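Structure record follows, encoded as structure tokens.
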Amino acid sequence: MANNEKLTTVDYEVFGRVQGVFFRKYTQAEGKKLGLVGWVQNTEQGTVRGQLQGPNSKIQAMKAWLKNKGSPKSRIDKAEFSNEKDIQKLVFEDFTVRK
């Protein structure tokens with residue numbers, strides 16, 4: 001991570017065919033590949049939600065992945081992002097899948 005790049009946090013929720021298609025596993029893998037921390041979980045409403053933290057450029061790359069790619073068998077109808085803001089330090093130590 002570049003020392004001068006600001007850290008960002010953002011909440012997300014992805015809608016479509018995103019449960020039962022390994023979406024959480026792929027999201028975790030992509031987040032780790034980008035060097036992000038945070039979490040991902042299924043919701044009772046059939047969506048996937050979570051939080052991302054890391055360098056702003058990596059957050060933007062992950063947002064694009066969540067909107068446009070996802071897991072191979074997923075169908076993303078839309079992805080919503082909220083509470084995006086700069087942070088001084090990371091709250092999470094890893095990228096986890098929550099039950």
Practice task
State the percentage of accessible surface on the chain attributable to carbon and sulfur atoms; use a 1.4 Å probe and exclude ligands, DNA and RNA.
Solution key: 45
Fill in the blank from the handout: Neighbours of Tyr12 by Cβ distance under 12 Å: Lys/Arg at +1, Asp/Glu at -1, summed charge 0
Handout entry: Sparse-neighbourhood loop sites, trypsin sites (Lys or Arg not before Pro) in segment 1-49 - DSSP loop, at most 13 other Cβ within 10 angstrom
Key = Lys6
Handout entry: Accessible solvent surface per residue of the chain, calculated while the other protein chains remain in place, 1.4 angstrom probe, Å²
Key = 60
Handout entry: Pairwise FRET efficiency - Gln19 versus Lys85, Cβ, R0 = 35 Å, nearest 0.05
Key = 0.80
Practice task
Would you kindly find the accessible area of Asp86, with a 1.4 Å probe and non-protein molecules such as ligands, DNA and RNA excluded, rounding to the nearest 10 Å²?
Solution key: 90
Fill in the blank from the handout: A correct Karplus calculation of ³J(HN,Hα) over segment 79-94, with 6.51 cos²θ - 1.76 cosθ + 1.60, θ = phi - 60°, whole Hz and x for Gly and Pro, returns 10, 10, 10, 8, 6, 6, 7, 6, 10, 7, 8, 6, 8, 9, 9, 8
Fill in the blank from the handout: Over the chain, the sum of -39500 (n - 2.57) across DSSP H runs of at least four, divided by residue number and rounded to 500 deg cm²/dmol, gives at 222 nm -7500 deg cm²/dmol
Practice task
Please give the net charge around Thr96, taking every other residue with its beta carbon less than 12 angstrom from that of Thr96, where Lys and Arg add +1 and Asp and Glu add -1.
Solution key: +3
Exercise for the section: Report the accessible area of Glu80, computed with a 1.4 Å probe over the heavy atoms of all protein chains in place, in Å² rounded to the nearest 10. Expected result: 80
Fill in the blank from the handout: The lysines whose Cα lies under 21 Å from the Cα of Lys67, excluding any fewer than 8 residues away in the same chain, are Lys25, Lys32, Lys33, Lys58, Lys78, Lys85
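The values are calculated or read from the model by the stated rules, or taken from the named source; none is laboratory data. Remember, predicted model here, so these are calculated numbers, not experimental data. Glycine gets a Cβ as well: all are built from the backbone with ideal geometry, and neighbour counts include every protein chain shown. Surface accessibility is based on the protein's heavy atoms, side chains included, excluding ligands, DNA and RNA. Shrake-Rupley method; radii C 1.70, N 1.55, O 1.52, S 1.80 Å.
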